[in-house]
Amino acid sequence: MMETIQSPAQATYWLVQGRELFLSIYVLGSACFFYIVARRLAPLLRGERDFRFDRPLRRLRNVLQFWLGQWRHPRYRGAGTIHILIFAGFIVLATRAFWVLALGISDGFVMPGLSGTTGHVYGIVADYASTVVFLCMMIAAIRRLAFTPARYSVPARYGKGHPADAIFLLALIAILMAADSLFQGSKAAALAQQGRTAEFLPVLSLPWIFKDSLLSTPLPTLQSLHLGAYLVHGLTFFFLLCYRPFGIQFHVETSLFSLYFAKLDRGTLKPVRWGVSDEQLGQVKSFGVKKFEDFTWKHMLDFYSCADCGRCSDNCPANAVGRPLSPRFIGIKARDYAFQHYPMFGSSANGKALVGDIYSEDEIWSCTTCGACEEECPLLVESIDKVVDLRRGLVDDGDVPQSLQRPLKALESRGNPYGKMEKKRADWAAAPQFQQTCAVKVLNGKKADALYFVDSITSYDDRMQAIGRATAEILHHVGQDFGILGAAERDSGHEVRRFGEETLFQALRDHNTEAITASGVRRIVTADPHAYNALKHDYKDVPPVEHISQVIARGVKTGTIKFHPVDNQSDVYTYHDPCYLGRHNHIYQEPRNVLDAIPGLKRVEMSRSRDRSFCCGGGGLMLFYEPKEEQRMGVKRVQMAAEAGANVIVTACPFCMVNIEDAIKVAGLEGKMTAIDLVELTQQQIAQKDPKAA
Amino acid sequence: MEILVCVKRVPDTSENEIEFNPEGNDIERDELVYGVNEPDNYAVEEALQITARVGGQVTVVTVGGEDDEEVLRREMAMGASHGVLLADDAFSGSDARSIAAILQAFLRKGKYDLVLTGVQAEDGGAQVGGMLAAMLDYPFASLVNSIEVLDGRKLRISREVEGGNREVSEIDLPCVLSIQTGINEPRYVGMRGIRAVASVPVPTYGVTDLALDPNTVGETAAKVKRLDYFLPALGNGAEMLHGSREEIVARVADLIAAKGGLR
């Protein structure tokens with residue numbers, strides 16, 4: 001049967017038979033792609049070890065949720081919707097692309113399983129998919145050019161932006177969609193002109209539009225368009241394939257792997273070296289990340305996967321207050337470093353220290369490890385572990401800011417960052433009036449069911465000691481048999497570890513673990529989310545730990561805690577989620593339940609709450625660090641509370657209390673705004689037990 | 001350049017609550033935390049930076065007892081190549097002159113181009129460096145806050161003089177310099193660094209090793225003896241300023257200016 005128009009495989013392009021031409025394009029294109037990817041993998045092979053091969057089902061679930069399900073994308077509604085549409089389009093069109101490419105070498109090729117009706121249905125879906133993707137490219141381009149979101153801009157200190165590159169990539173994809181559609185539309189138009197049946201093209205799809213507008217075009221022109229579009233499609237496809245590994249589009253290939261190998265354990269930190277036990281650490285020559293190859297292969301993969309969408313930095317409190325840190329550029333700068341030092345041709349030069357080259361020391365110390373960046377990343381890129389690894393490298397080389405050296409030294413000699421005497425650690429509980437109403441036993445040979453782990457700030461800071469006393473009173477009220485370690489307690493080391501001083505952390509952890517084990521308690525309670533996170537995730541072999549807000553929430557539920565109404569019913573409360581209670585440990589609801597159980601308490605939410613909570617400025621050693629910043633995080637936070645219409649900020653962390661109380665003063669809101677800890681509020685509102693019931 | 005840095009182990013003032021013993025002639029030392037005298041730490045850092053630039057090695061030395069080895073280890077963890085402990089029963093009760101004499105005896109054993117001390121010990125009186133230089137007949141400069149190595153065995157050094165002015169001098173090697181804090185930013189030393197040098201031997205030298213006459217050092221030879229330790233009597237308390245914020249600020253500015261703090 002005589003074909004209306006010649007197919008690309010049969011046609012002759014400049015004296016070359018189509019089949020041969022396309023076969024060579026495919027072979028050449030694929031070879032280029034595999035070569036490029038192999039070169040890109042080179043640094044990964046030189047990277048540090050990283051154990052990411054366990055729990056395959058859990059990992060598969062991540063892939064389904066975050067890759068196929070695009071879980072995090074709707075957090076940014078506009079960009080997220082566009083992305084979901086493009087992603088869905090790509091998923092649908094992957095088969096189509098293969099099918100169309102195959103036609104170049106095998107005339108009339110039919111995808112296995114897609115013959116007959118299934119094939120027709122698939123064709124309709126694919127036609128609409130390419131139309132949607134094409135439209136999304138237009139929208140994305142307009143958005144890029146006319147309504148660029150602020151988060152895409154590149155501040156001068158982090159390098160140069162590549163807006164033209166973004167448009168170029170969008171254009172390539174649009175061309176791919178258009179070429180495929182024109183390839184189909186031109187054939188359909190030719191068949192229609194001869195009154196023959198063509199593949200059904202759905203109304204208003206791109207191929208349909210092409211067909212419709214080409215109905216009166218002469219046959220030879222249609223033939224040229226058909227063959228030309230096919231060639232453009234093939235060339236664009238392979239060009240795009242080989243071009244993607246040079247920029248943010250590489251995430252199309254790498255994201256699946258990034259998500260499969262994503263970190264599974266919240267609140268934890270990566271070990272100094274995977275596969276090296278704490279006991280063997282002494283033999284490790286160098287700690288942390290100093291040069292690029294000290295990153296683990298997964299962290300390098302993250303650099304490739306980062307799509308530069310800027311969501312991390314958009315939510316980063318350090319970035320918001322003008323600290324010299326933008327998590328986005330931790331990754332982008334490292335990626336550019338990899339591109340530069342692992343070039344496509346020639347040998348790879350490397351080995352230079354990253355800090356002082358692509359990173360500044362201030363950049364690395366500016367992070368509060370609040371986790372806002374990681375919470376937002378659609379690709380689950382890990383930022384905290386990288387920052388901590390870079391800090392480990394700095395600590396190992398002795399490059400620690402002077403402001404941090406003294407507290408670190410004090411932690412080493414006294415077990416607290418203030419250099420206070422160990423024997424005074426339990427003094428907060430010895431306040432005369434308090435001792436009479438609520439005696440706190442020191443588990444020095446005495447036994448108790450639970451341990452109240454106080455930690456340094458609550459033990460020694462005059463203001464925070466009130467949190468300690470309120471916690472003790474609540475435990476007393478709910479009938480918990482508890483005690484404290486007193487002088488035997490050391491700092492939990494939570495921030496010590498996150499500031500990169502692993503050896504000191506381990507010494508503190510080992511000391512505490514021994515003291516806790518010796519005390520014989522069956523559970524641990526703390527009112528400090530940092531201690532909570534340390535005991536829960538950084539310590540091994542200690543009894544289960546709870547944050548006091550969980551104890552209070554349970555007391556409220558079971559009725560052991562009853563509240564009397566708030567005195568001033570005109571007060572408006574808001575709850576500030578501490579990072580290490582909320583984001584890192586998902587305790588969002590319990591504190592809110594407690595607040596809502598207090599009669600007459602009016603509570604509002606700040607615009608940034610729960611997993612988008614805004615860090616108060618950081619805890620532990622961050623209190624000693626003097627960051628370069630335009631504004632304090634805490635000040636921004638209290639302003640958010642004021643915007644929400646609140647005049648009482650409730651938090652559940654002593655470090656938040658330090659930062660927020662300071663910020664209230666700095667923001668000039670003294671007298672208009674107050675801060676109170678959840679335990680203080682609970683203790684204040686607790687209705688004394690009914691004497692008859694007691 | 002071979003550099004010797006003399007260091008001292010002192011109670012860490014920021015991590016202790018100082019109380020007096022019942023006799024009132026010393027502080028209660030049982031629960032004290034000790035560390036490297038802070039200015040000495042700057043001296044070691046400066047020595048390390050100099051050898052990093054021009055080559056050579058840094059040796060740290062201290063006069064004391066077994067306990068004092070920890071400060072040597074800390075400085076060795078910073079990067080000092082050798083640590084030497086000068087310890088002998090005969091040294092106890094030494095005054096500053098005796099300490100200088102002990103150090104001088106040690107210096108005779110080796111060859112050092114430059115000797116650094118901290119500007120003063122946190123529990124001392126900035127005496128040893130100057131006396132040591134005199135005993136060695138070396139040139140001496142105190143309160144040094146910058147060092148530049150020049151050709152021809154010379155250094156260009158500077159110090160801050162009253163009023164914030166900077167005085168620059170040239171000094172011949174070998175010499176003794178007392179180093180002011182702020183000359184650099186000492187690197188951090190953690191437990192890991194100290195563990196790494198835990199097995200490096202630290203030789204101990206006594207009177208016989210140093211060829212010292214025991215009667216010239218220690219308590220018997222001391223010509224300065226500490227009689228008392230006391231806290232100054234409390235004054236009348238702070239002067240509270242009253243008034244509006246602007247008035248208070250203006251008054252504070254006046255007061256500071258009156259003391260020469262503002263120009």
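When only alpha-carbon atoms are used, what values of Rg and Dmax, in angstrom, describe the stretch B:2-258?
Cα-based Rg and Dmax for the stretch B:2-258 come out at 20.7, 70 Å.
Mind jotting down the distance between the C-alpha centroids of the stretch B:174-202 and the stretch B:92-108, whole Å?
21
Just to check I understand the Karplus step: with θ = phi - 60° and J = 6.51 cos²θ - 1.76 cosθ + 1.60, what whole-Hz values come out for the stretch B:117-125, glycine and proline as x?
Going residue by residue, I get 10, x, 4, 6, 7, 4, 10, x, x Hz, with x marking Gly and Pro.
From the backbone phi of the stretch B:200-213, what are the Karplus-calculated ³J(HN,Hα) couplings (6.51 cos²θ - 1.76 cosθ + 1.60, θ = phi - 60°) in whole Hz, Gly and Pro given as x?
3J(HN,Hα) across the stretch B:200-213, in whole Hz: 6, x, 10, x, 10, 10, x, 4, 5, 4, 8, 6, 9, 7.
Can you tell me the FRET efficiency between residue B:134 and residue B:245 if r is taken as the Cβ-Cβ distance and R0 is 45 Å, rounded to the nearest 0.05?
For R0 = 45 Å, the calculated efficiency reads 0.25.
Identify the trypsin sites (Lys or Arg not before Pro) of the stretch B:99-178 meeting these criteria: DSSP loop state and at most 11 other C-beta atoms within 10 Å of the C-beta.
B:111
Only counting other Cβ atoms within 10 Å, I'd like A:640, A:622 sorted with the fewest neighbours first.
If I rank by nearby Cβ atoms, fewest first, I get A:640, A:622.
Taking every pair of Cα atoms in the stretch A:596-694, average 1/r, invert it to obtain the Kirkwood radius, and report Rg/Rh to two decimals.
With Rh from the inverse mean 1/r over Cα pairs, Rg/Rh is 1.05.
Looking at chain B as a GNM with Cα springs under 10 Å, which of B:40, B:88, B:26 has the largest mean-square fluctuation?
Comparing B:40, B:88, B:26 in the GNM, the peak value goes to B:26.
Loop-only chymotrypsin sites (Phe, Trp or Tyr not before Pro) in the stretch A:1-89, please: DSSP not H, G, I, E or B, and at most 11 other Cβ atoms within 10 Å.
A:14, A:53
Over 29 Å between Cα atoms, which of A:290/A:628; A:263/A:423; A:420/A:602; A:290/A:636; A:409/A:446; A:602/A:665 qualify?
Beyond 29 Å: A:263/A:423; A:420/A:602; A:290/A:636; A:409/A:446.
Between residue A:68 and residue A:285, what's the calculated FRET efficiency when r is the beta-carbon distance and R0 is 41 Å? Round to 0.05.
For R0 = 41 Å, the calculated efficiency reads 0.45.
In debye, nearest 20, what is the charge dipole magnitude of the protein assembly as shown about its Cα centre with +1 on Lys and Arg Cβ and -1 on Asp and Glu Cβ, if you could check?
Values: 103 positive and 114 negative charges, 829 e Å.
Taking the Cα centre of the protein assembly as shown as origin, the dipole is about 3980 debye.
Which loop-located trypsin sites (Lys or Arg not before Pro) does the stretch B:1-78 contain, where loop means any DSSP state but H, G, I, E or B and the Cβ has at most 12 other Cβ atoms within 10 Å?
Sparse-neighbourhood loop trypsin sites (Lys or Arg not before Pro): B:29.
Where is the GNM fluctuation largest for chain B (alpha-carbon springs, 10 angstrom cutoff): B:124, B:193, B:164?
Highest fluctuation of the listed residues: B:164.
Kindly state, to the nearest 0.05, the FRET efficiency for residue A:110 paired with residue A:610, given R0 = 45 Å and r defined as their beta-carbon distance.
0.35
Tell me, in nm to one decimal, what length is gained between residue A:522 and residue A:478 on full extension, where the rule is 0.36 nm per residue of separation less the Cα-Cα distance?
14.2 nm
Which stretch or stretches of the stretch A:323-339 have amide N atoms under 15 Å from the point lying 7 Å from residue A:630's Cα along the Cα→Cβ direction?
A:323-326
By how many nm would the segment from residue A:24 to residue A:557 grow when fully extended, if each residue of separation counts as 0.36 nm and the alpha-carbon distance is taken off?
Net length gain for the segment: 184.7 nm.
Report relative contact order for chain A in percent, whole number only (criteria: Cα-Cα under 8 Å, sequence separation at least 6).
12
Per residue of chain A, what 222 nm ellipticity follows from adding -39500 (n - 2.57) for every DSSP H run with n ≥ 4, rounded to the nearest 500?
Value at 222 nm, helices only: -15500 deg cm²/dmol.
Hey, any idea what the orientation-averaged projected area of the convex hull of the stretch A:77-231's Cα atoms comes to, in nm²?
Values: hull surface 45.1 nm².
Approximately 11.3 nm², given one-decimal rounding.
Show the residues, 5+ positions off or on another chain, whose built amide H is closer than 5 Å to the amide H of residue A:442.
A:484
Tell me which of A:148, A:137, A:158 sits at the most positive position along the dipole axis of the stretch A:107-177, charges placed on C-beta atoms (Lys, Arg +1; Asp, Glu -1).
Result: A:158.
Helix A:163-193 versus the longest principal axis of chain A: what is the Cα-based angle in degrees, 0 to 90, to the nearest 10?
40
When only alpha-carbon atoms count, how far does chain A stretch along each of its three principal axes, as whole angstroms with the largest first?
Principal-axis extents of chain A (Cα, largest first): 104, 58, 45 Å.
Might you report the magnitude of the Cβ-based charge dipole of the stretch A:218-317 about its Cα centre, with Lys and Arg at +1 and Asp and Glu at -1, to the nearest 20 debye?
So the magnitude is around 100 debye.
Over the stretch B:2-258, what is the relative contact order in percent, taking alpha-carbon pairs closer than 8 angstrom and at least six residues apart?
Once normalised by length, the contact order is 24 percent.
Per residue of the stretch A:502-516, in order, report the coupling 6.51 cos²θ - 1.76 cosθ + 1.60 (Karplus, θ = phi - 60°) as ³J(HN,Hα) in whole Hz, putting x for Gly and Pro.
Working through the residues one at a time gives 4, 5, 5, 4, 5, 5, 5, 4, 5, 4, 5, 4, 5, 5, 5 Hz.
Straight distance only, please: which lysines reach the Cα of residue B:225 with their own Cα at less than 20 Å, same-chain residues fewer than 8 apart left out?
Within the straight-line limit of under 20 Å, residue B:225 reaches these lysines: B:8.
Based on C-alpha coordinates, I'd like the Rg and Dmax of the stretch B:1-112, in Å.
Rg, Dmax (Cα atoms, Å): 15.3, 51.
Say a site is exposed when it is one of the GluC sites (Glu not before Pro), sits in a DSSP loop, and has at most 13 other Cβ atoms within 10 Å; what is then the longest site-free stretch of chain A?
Excluding the exposed sites themselves, the longest stretch runs over A:4-604.
Using a Gaussian network model of chain B whose springs link C-alpha atoms within less than 10 Å, name the residue from B:125, B:218, B:79 with the highest mean-square fluctuation.
B:125
If each of residue B:25 and residue A:540 carries a label point 7 Å out from its Cα toward its Cβ, how far apart are those two points in nm?
Once both label points are built, they end up 5.5 nm from each other.
Below 8 Å between Cα atoms, with a sequence gap of 6+, how large is the relative contact order for the stretch A:415-557 in percent?
Relative contact order here is 27 percent.
Every read-out reported here was derived from the displayed coordinates using simple, explicitly stated rules and does not represent laboratory data. Predicted model only: the values in this text are computed from it and were never measured. Virtual Cβ from ideal backbone geometry, glycine too; neighbours counted across all protein chains shown.
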